[in-house]
Amino acid sequence: MKSETKKNPTFSCKPTPAFISASWTALFAGMISYCIGLWNADMWLNEKGYYFTILLFGLFSVVSVQKSVRDRMEEIPVTDIYYGISWFTTIASILLLIIGLWNADLELSEKGFYGMSFLLSLFAAVAVQKNTRDVQWANQQDR
């Protein structure tokens, strides 16, 4: 008597199109709402520039952290200095936003809006970078 074995479907690390779309949507929603808030804010142009620069700085920093953490997991060499700088700049961008908002002459609801859209953007940037890396890895496995 033959025993029949069931084949388990192979697990794919490739993210679903829905998750990829949700990540990109969250990134654009966070970035665009933050920028629209800045555009309409009643503040000096140099203040707007400060907050916009913090957004760009934070986005670059979190992508750099995600990449260096992932590289280390995959045993791709990453120098300790780059790894440390990536984490330092991520924390610095968040602290600079907090300090700026703490001292800003804004309503508490506006401060919360900037904080939440900033954090949404940072989280979504990590998800987009992860998805990009996972899709690339899955496509290499299919070859």
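Rule-based calculations on the coordinates, nothing more; no lab input. Computed from a prediction, not measured in an experiment: that's the story for all the values here. Glycine gets a Cβ as well: all are built from the backbone with ideal geometry, and neighbour counts include every protein chain shown.
Quick look at the values:
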read-out: Proximal aspartates and glutamates relative to residue 67, as straight alpha-carbon distance under 20 Å, when same-chain residues fewer than 8 apart are discounted; value: 75, 80, 134
read-out: In sequence order, calculated HN-Hα J values of the stretch 113-127 (Karplus, 6.51, -1.76, 1.60; Hz; x Gly/Pro); value: 4, 5, x, 6, 5, 5, 5, 4, 4, 5, 4, 5, 4, 5, 5
read-out: Highest-first arrangement of 92-100, 70-78, 51-59, where packing means the average Cβ count within 10 Å; value: 51-59, 92-100, 70-78
read-out: Cβ charges +1 (Lys, Arg) and -1 (Asp, Glu), total dipole of the chain, debye; value: 800
read-out: Rg(Cα)/(2.2 N^0.38 Å) for the chain, N = residue count; value: 1.38
read-out: Those aspartates and glutamates that a straight Cα-Cα span of less than 16 Å connects to residue 111, excepting residues fewer than 8 apart in one chain; value: 42, 47
read-out: Leading residue at positive end of dipole, the stretch 31-134 (Cβ point charges), from 93, 49, 65; value: 65
read-out: From phi via Karplus (6.51, -1.76, 1.60), per-residue ³J(HN,Hα) for the stretch 41-48 in Hz, x at Gly/Pro; value: 6, 8, 9, 5, 4, 5, 5, 4
read-out: Histogram of C-alpha separations across the stretch 26-106, 5 Å bin width, %; value: 3, 14, 20, 20, 15, 11, 8, 5, 2, 0
